[in-house]
1. If you take the residues in segment 163-176 that are out of contact with any helix residue (DSSP H, G or I) (no Cβ under 9 Å at 6 or more places or on another chain) and buried (at least 16 other Cβ atoms within 10 Å of the Cβ), which one is nearest to residue 318 (Cα to Cα)?
2. Looking at segment 304-328 only, could you name the residues that are touching a strand residue (DSSP E or B) at 6+ places or on another chain (Cβ under 9 Å) and either within 23 Å of residue 342 (Cβ to Cβ) or at pLDDT 95 or above (or both)?
3. Please pick out the residue among 302, 319, 298 that is farther than 30 Å from residue 122 by Cα and assigned by TED's automatic domain parsing to the domain that holds residue 276.
4. Residue by residue through segment 325-376, note down the ones that are buried (at least 21 other Cβ atoms within 10 Å of the Cβ) and assigned to a loop (DSSP other than H, G, I, E, B).
5. Identify all residues within segment 65-84 that are farther than 20 Å from residue 123 by Cβ and either in contact with a helix residue (DSSP H, G or I) (Cβ under 7 Å, 6 or more places away or on another chain) or surrounded by fewer than 20 Cβ atoms within 10 Å (Cβ to Cβ) (or both); write none if there are none.
6. Would you check which residues across segment 207-223 are without any contact (Cβ under 8 Å) to a residue 60 or more places away in the chain and either touching a helix residue (DSSP H, G or I) at 6+ places or on another chain (Cβ under 6 Å) or in a loop (DSSP other than H, G, I, E, B) (or both) and list them?
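The values are calculated or read from the model by the stated rules, or taken from the named source; none is laboratory data. Everything numeric in this text was worked out from a predicted model, so none of it was measured. Cβ placement follows ideal geometry from the backbone for every residue including glycine, while neighbour counts extend to all protein chains displayed.
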């Protein structure tokens, strides 16, 4: 793995490195960690990388790594930069034969997202997007239950992602994380909806297997002087006729990272909370409520394949994140060996999921700015 971004002072870069290392399938060999070559060099020293594999720019990294022999050069890049620096390194990597892992959202705007999707199709390279919440074992079990029809036809989907860390104008205090997320020139056209609303959208579609057909959105920037939304409410219509509600907020005081989803079908319902990720609640018309637990009993093969340790040993955010990297790594390994990967491990968000995320951002903002009640998703 070669990394773009994620140097000193970055939060998500460290998460990516830990996730990539967890299962012992990925070696971290090089990087371009900052647009400032000196900062990149200093970060490379922090990570104990060889100085000749620490680069001053992603372009230099891709060009020089391509010249190294197979087995020495990086096999893929991991992009952990703010949104406006996703497209350039992803495009150049694909054009030069490197697979890609990219943080979400996919790109700065829809035009860039569609170009990346086209490049992935043309090159046949593997592209993963880190919607990491899909990596939890009980999320995968929920998806398997819905796929096999345990809940019957899905009628209602409620997905929420409240946080409270931007309840004040944190971006004015020098916070690097708040600074770029609230800056339209770096974040894009959406704030909270781009940052965490896309996770909620992706989780709802991933678990149910449904696709959003229409939306009706209301976005607000509650903090005075903030340029992008910090709260949003979206009504959803799905392609099977189900209805949904999506709420994403970064001004919900007291909330930490309370992503949760509830799905209701004709025969039963499911409820999952990211802050208690090892538990899936199953509710039924004609039998008692069940608490399903990671690693306990006969769960689905999809869940078992993403459970690393015995029941009662909590698996959390890093393990879910690592599932994206491990599955991606298995697929790249299979490609290098000329084999087909196990379908259980082809389960990670792709560039097309990223395009849907960008479409969600675009349509939500358009809906919020429109006098029309409903707008088509596609």
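1. Going through the qualifying residues, I end up with 164.
2. 324, 325, 327, 328
3. 298
4. Within segment 325-376, 348, 349 meet the criteria.
5. 69, 71, 72, 80, 82, 83, 84
6. 210, 221, 222, 223
Residue-by-condition table, conditions (1) on the phi < 0 side of the Ramachandran plot; (2) in contact (Cβ under 8 Å) with a residue 40 or more places away in the chain:
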| position | (1), (2) |
| --- | --- |
| 286 | yes, no |
| 290 | yes, no |
| 303 | yes, yes |
| 312 | no, no |
| 345 | yes, yes |
